[in-house]
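Accompanying notes for the structure given below.
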Amino acid sequence: MDLFLEQLLNGIAIGFIYALITSGLALVYGILRILHVAHAAIYALGAYAGLGIYSITGNLFLALIVSMAACSLVGVAIEKFVYFPLLKYPPYVPLIGSIALLLGIEEVLRLVAGPYIHAFPAEIPVPGFHFGPITMSPVLVTVYLVTVIVLFGLWFLSTRTELGLAMRASSQDIQIAGSLGINTSRIISTTFIIGSSTAAVAGILVGIYFNQVYPTMGAVPAYKTLALIVVGGLGSVPGAVLASVLLGISETLLIGYANIPLPRDALAFIAMIAVLMWRPQGLLGRR
Amino acid sequence: MSNYVLTIGIFVAINGIVACGLNIIVGYAGQISLGHAAFFGIGAYTAALLATRAGFSFWLSLPLVIIITGAIGLLLGLPSLRVRADFLAITTIGINFIVESVFMYVPFFGGALGIGGISRILFFGIRLREAGFLALAGTLLVLSLGCTWWFARSWTGLACFALREDEISASSIGISPVLFKLLAFMTGTAMAGVGGSLYAHYMRFISATDFGFPVSVMMLSMVVVGGMGTLWGPVIGALLLTILPEVFRPLTDYRMLLYAVLLLLMIRFQPGGLLGERGVLKNLAGRIRGRLRS
């Protein structure tokens with residue numbers, strides 16, 4: 001029973017980390033209708049920037065802030081110089097641009113920081129947690145806390161503020177939102193800032209949780225998160241979060257308890273295709 | 001010519017054939033596919049299994065490969081009837097990952113070790129080495145181009161164009177989306193099968209990673225960079241994107257970075273492709289044609 005609980009807690013943690021990456025991706029998709037594969041590269045960049053600042057200053061909070069700022073800068077640059085001019089073309093054109101960006105950023109990280117795996121030995125100012133049979137390490141507690149805070153922040157921002165209203169309006173119909181006096185180009189940039197910042201948080205959390213930072217850490221999330229936003233319903237952030245947590249739990253439990261000869265990434269995609277054939281608009285998507 | 005140059009030529013031809021097939025699906029029928037390498041792989045594995053287990057020659061197995069790959073393409077094209085646009089793009093990525101991991105983890109397909117010892121191609125008793133193989137691959141590329149040309153001018157092609165432009169109005173005048181989408185998928189994947197068969201018999205060793213998702217991206221990039229929905233676009237794209245990494249080979253560490261930057265620049269400044277609307281090569285061709293007329 002203890003083992004099962006521990007597996008479940010780890011599975012939820014992995015699901016939460018997926019949720020942090022996918023929620024940014026879903027925001028970007030919702031507003032630009034672009035499959036932003038390079039989001040995973042921004043996530044890797046966030047981990048590197050966080051590790052760099054942390055190893056210089058030893059201040060985790062500062063590392064987080066700087067990494068979020070750096071990722072936002074890169075995210076907005078990508079939006080302004082690559083995506084925006086390509087918006088009027090069919091969706092595969094920005095998609096290929098995005099894949100080129102993913103490759104390019106990975107290569108830059110490899111050339112700058114080296115191809116090997118860096119450790120991320122962070123000292124976390126959070127105590128561990130014991131309750132009956134449940135034991136949670138400080139790292140696990142941090143993953144839960146940070147994810148809940150970030151997701152709550154996103155929910156609050158999008159449903160309780162004027163900025164969120166403008167963002168939701170723009171993602172429903174950007175032209176009408178513009179004609180109603182919303183500065184849509186600023187809303188798009190803001191969306192990229194928010195999305196890239198959450199990616200940075202996710203990068204640092206993953207780096208600490210697995211104690212690993214390496215150039216291609218974005219490669220698998222790049223495509224898996226696409227599957228997640230599809231299953232959740234393209235552009236729906238709650239759907240993306242739900243799909244992420246479900247995937248995290250089922251992956252961990254399946255690997256732990258079932259003997260399936262296929263790797264976990266293939267399982268994610270099989271689940272995705274099954275969901276799509278059943279509900280072509282995704283779990284929480286609108287038609 | 002050295003064997004190195006001939007080998008690159010062979011890869012240009014193989015990639016050209018596969019990209020032509022993808023062009024029929026994406027460029028002519030308007031169905032985005034990011035899983036084309038899966039069909040390239042299915043063709044290669046079918047040819048490899050027929051050669052190593054059943055002792056079939058290339059010539060005997062080629063029609064079978066075309067039929068089997070086309071049939072699987074038909075089957076895996078079925079999701080395109082249910083989902084579209086971005087959903088289809090991601091579904092096809094999924095198909096690619098699943099097919100790759102089936103090749104990788106099912107022992108029947110050689111598992112992680114792949115399949116080796118595939119026979120060379122014999123042409124009237126003569127073993128085809130680099131030059132002969134290039135001639136064969138080139139011939140098949142020309143045949144694929146002919147097939148594309150014929151497809152674009154046939155009733156099927158016209159129906160596909162209509163579906164690409166507007167599915168609802170096309171189906172309202174009696175064009176069946178089911179029939180023609182599946183036809184396009186079948187034709188395109190069968191071409192990928194031909195490419196795969198050539199690849200298996202040239203490399204004589206194949207493994208699952210040869211047909212992973214990055215290869216699909218490469219194929220789609222070839223079609224888009226060359227000019228989607230044009231006859232020669234995929235060939236130009238295959239030529240460029242096969243030769244460029246070789247040109248950059250001396251740069252060793254910076255090779256992939258330069259490749260990514262160039263791909264980004266091409267897609268950013270020639271989004272319609274070199275032969276597509278406002279493409280550099282299209283303008284050039286038009287100017288030369290005008291010069292010749294005057």
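Take the conditions under 26 Å from A:PRO138 (Cβ atoms), in contact with a Pro (Cβ under 9 Å, 6 or more places away or on another chain) and among the hydrophobic types (A, V, I, L, M, F, W, C) and apply them to A:VAL201. Does it pass? Here the answer is no, as A:VAL201 does not meet what is asked. If the condition is being in a helix (DSSP H, G or I) and of a type in the set (Phe, Trp, Tyr), then the stretch B:201-228 contributes B:TYR202, B:PHE211, B:PHE213. Of everything in the stretch B:244-270, what is under 20 Å from the mean Cα position of the chain (by Cα) and assigned to a loop (DSSP other than H, G, I, E, B)? Give them in sequence order. Once the filter is applied, which keeps residues that are under 20 Å from the mean Cα position of the chain (by Cα) and assigned to a loop (DSSP other than H, G, I, E, B), the stretch B:244-270 yields nothing.
Among the residues of the stretch B:255-273, is there at least one that is in contact with a helix residue (DSSP H, G or I) (Cβ under 8 Å, 6 or more places away or on another chain), away from chain A (no Cβ under 11 Å) and at pLDDT below 85? No, because not a single residue in the stretch B:255-273 is in contact with a helix residue (DSSP H, G or I) (Cβ under 8 Å, 6 or more places away or on another chain), away from chain A (no Cβ under 11 Å) and at pLDDT below 85. So which pairs qualify, if the first residue must be in the stretch A:236-258 and within 10 Å of A:GLY11 (Cα to Cα) and touching a residue at least 40 places away in the same chain (Cβ under 8 Å), the second must be hydroxyl-bearing (Ser, Thr, Tyr) and crowded, with 21+ Cβ neighbours inside 10 Å, the Cβ gap must be under 7 Å, and the two must be at least 6 apart or on different chains? Going by the 7 Å Cβ cut-off, the qualifying pairs are A:LEU247/A:TYR18; A:GLY248/A:TYR18. Given the conditions (1) at negative phi; (2) in contact (Cβ under 8 Å) with a residue 12 or more places away in the chain, which single one is not true for B:ARG204? For B:ARG204, the exception is condition (1). If you check B:GLY77, B:GLY16 for being within 14 Å of chain A (Cβ to nearest Cβ), touching a helix residue (DSSP H, G or I) at 6+ places or on another chain (Cβ under 6 Å) and of a type in the set (Gly, Ala, Ser), only one passes: B:GLY77. The residue of the stretch A:108-124 that is nearest to the other protein chains (Cβ to nearest Cβ), among those that are more than 16 Å from A:GLY46 (Cβ to Cβ) and hydrophobic (A, V, I, L, M, F, W, C), is A:LEU111. Do we find that B:LEU81 is within 22 Å of B:LEU182 (Cβ to Cβ) and touching a residue at least 12 places away in the same chain (Cβ under 8 Å) in this structure? Answer is yes for this residue.
Across the stretch B:123-177, what is the total count of residues that are polar (S, T, N, Q), within 22 Å of B:LEU231 (Cβ to Cβ) and either in contact with a Phe, Trp or Tyr (Cβ under 9 Å, 6 or more places away or on another chain) or at pLDDT below 85 (or both)?
As a first pass, look at the stretch B:123-177 and keep what is polar (S, T, N, Q): B:139, B:144, B:148, B:154, B:156, B:169, B:171-172, B:176.
Checking which are within 22 Å of B:LEU231 (Cβ to Cβ) leaves us with B:139, B:144, B:148, B:154, B:156.
Filter again for either in contact with a Phe, Trp or Tyr (Cβ under 9 Å, 6 or more places away or on another chain) or at pLDDT below 85 (or both), leaving B:148, B:156.
Final tally of qualifying residues: 2.
Given the structure, is A:ALA222 facing another protein chain (nearest Cβ under 10 Å) and either in a helix (DSSP H, G or I) or closer than 24 Å to A:VAL82 by Cα (or both)? Taking the combined requirement at face value, the residue satisfies it.
Scanning the stretch A:109-127 for residues that are surrounded by fewer than 16 Cβ atoms within 10 Å (Cβ to Cβ) and either in a helix (DSSP H, G or I) or touching a Lys or Arg at 6+ places or on another chain (Cβ under 6 Å) (or both) yields A:LEU111, A:VAL112, A:ALA113.
When the residues of the stretch A:71-96 are filtered to those that are among the β-branched types (Val, Ile, Thr) and more than 8 Å from chain B (Cβ to nearest Cβ), which remaining residue is nearest to B:VAL26 (Cα to Cα)?
Restricting to residues being among the β-branched types (Val, Ile, Thr) and more than 8 Å from chain B (Cβ to nearest Cβ), the top hit is A:ILE78.
All conditions in (1) over 20 Å from the mean Cα position of the chain (by Cα); (2) within 16 Å of B:ILE14 (Cα to Cα) hold for B:MET219, with the sole exception of (1). The set of residues in the stretch A:157-208 that are within 13 Å of A:LEU27 (Cβ to Cβ), without any contact (Cβ under 8 Å) to a residue 40 or more places away in the chain and in contact with a Leu (Cβ under 8 Å, 6 or more places away or on another chain) comprises A:LEU157, A:LEU163, A:GLY164, A:THR190.
The residues of the stretch A:42-52 that are within 14 Å of A:LEU73 (Cβ to Cβ) and of a type in the set (Gly, Ala, Ser), listed by number, are A:GLY46, A:ALA49.
Within the stretch A:232-287, take every residue that is more than 21 Å from the chain's Cα centre (by Cα), away from every other protein chain (no Cβ under 13 Å) and not in a loop (DSSP other than H, G, I, E, B) and give me the one that is surrounded by the fewest Cβ atoms within 10 Å (Cβ to Cβ). The residue in question is A:TYR257. Screening the stretch A:128-204 for helices (runs of 4 or more DSSP H) wholly inside it with 2 or more residues that are under 23 Å from A:VAL245 (Cβ atoms) returns the ranges A:138-160, A:162-172. Within the set B:MET203, B:MET219, the sole residue that is in contact with a helix residue (DSSP H, G or I) (Cβ under 9 Å, 6 or more places away or on another chain) and within 13 Å of chain A (Cβ to nearest Cβ) turns out to be B:MET219.
Could you check, for the stretch B:123-141, whether at least one of its residues is among the hydrophobic types (A, V, I, L, M, F, W, C), more than 14 Å from chain A (Cβ to nearest Cβ), buried (at least 18 other Cβ atoms within 10 Å of the Cβ) and in contact with a strand residue (DSSP E or B) (Cβ under 8 Å, 6 or more places away or on another chain)? First the steps, then the outcome.
As a first pass, look at the stretch B:123-141 and keep what is among the hydrophobic types (A, V, I, L, M, F, W, C): B:123-124, B:126, B:128, B:131, B:133-137, B:140-141.
Pick out the ones that are also more than 14 Å from chain A (Cβ to nearest Cβ) and you get B:123-124, B:126, B:128, B:131, B:133-137, B:140-141.
Still in the list and also buried (at least 18 other Cβ atoms within 10 Å of the Cβ): B:128, B:133-134, B:136-137, B:140-141.
Imposing the further condition that a residue be in contact with a strand residue (DSSP E or B) (Cβ under 8 Å, 6 or more places away or on another chain) reduces the set to B:128, B:136.
Yes, because at least one residue in the stretch B:123-141 is among the hydrophobic types (A, V, I, L, M, F, W, C), more than 14 Å from chain A (Cβ to nearest Cβ), buried (at least 18 other Cβ atoms within 10 Å of the Cβ) and in contact with a strand residue (DSSP E or B) (Cβ under 8 Å, 6 or more places away or on another chain).
Return the pairs, sorted by first residue and then second, in which the second residue is charged (D, E, K, R) and outside any helix (DSSP H, G or I), the first residue lies in the stretch B:49-65 and is under 18 Å from B:PHE133 (Cα atoms), the beta carbons are less than 9 Å apart, and the residues are 6+ apart or on different chains. Taking only residues 6 or more apart or on different chains, the pairs are B:PHE58/B:ARG120.
The sole residue among B:ILE17, B:ILE32, B:ILE90 that is of a type in the set (A, V, I, L, M) and farther than 23 Å from A:LEU35 by Cβ is B:ILE17.
Per the listing A:ILE105, A:ILE34, A:ILE99, the residue uniquely within 17 Å of the chain's Cα centre (by Cα), facing chain B (nearest Cβ under 10 Å) and in a loop (DSSP other than H, G, I, E, B) is A:ILE34. Among the candidates B:LEU231, B:LEU241, B:LEU275, single out the residue that is part of a helix (DSSP H, G or I), in contact with a Ser or Thr (Cβ under 7 Å, 6 or more places away or on another chain) and closer than 21 Å to B:LEU141 by Cα. Result: B:LEU241 is the single residue among B:LEU231, B:LEU241, B:LEU275 that is part of a helix (DSSP H, G or I), in contact with a Ser or Thr (Cβ under 7 Å, 6 or more places away or on another chain) and closer than 21 Å to B:LEU141 by Cα.
Can you tell me which residues in the stretch B:100-119 are at the interface with another protein chain (Cβ under 9 Å from one of its Cβ atoms) and hydrophobic (A, V, I, L, M, F, W, C)? Passing the criteria: B:VAL102, B:MET104, B:VAL106.
The values are calculated or read from the model by the stated rules, or taken from the named source; none is laboratory data. Every value quoted in this text rests on a predicted model; they were computed, and no experiment measured them. In this analysis, Cβ positions are derived from the backbone assuming ideal geometry, glycine residues included, and neighbour counts consider all displayed protein chains.
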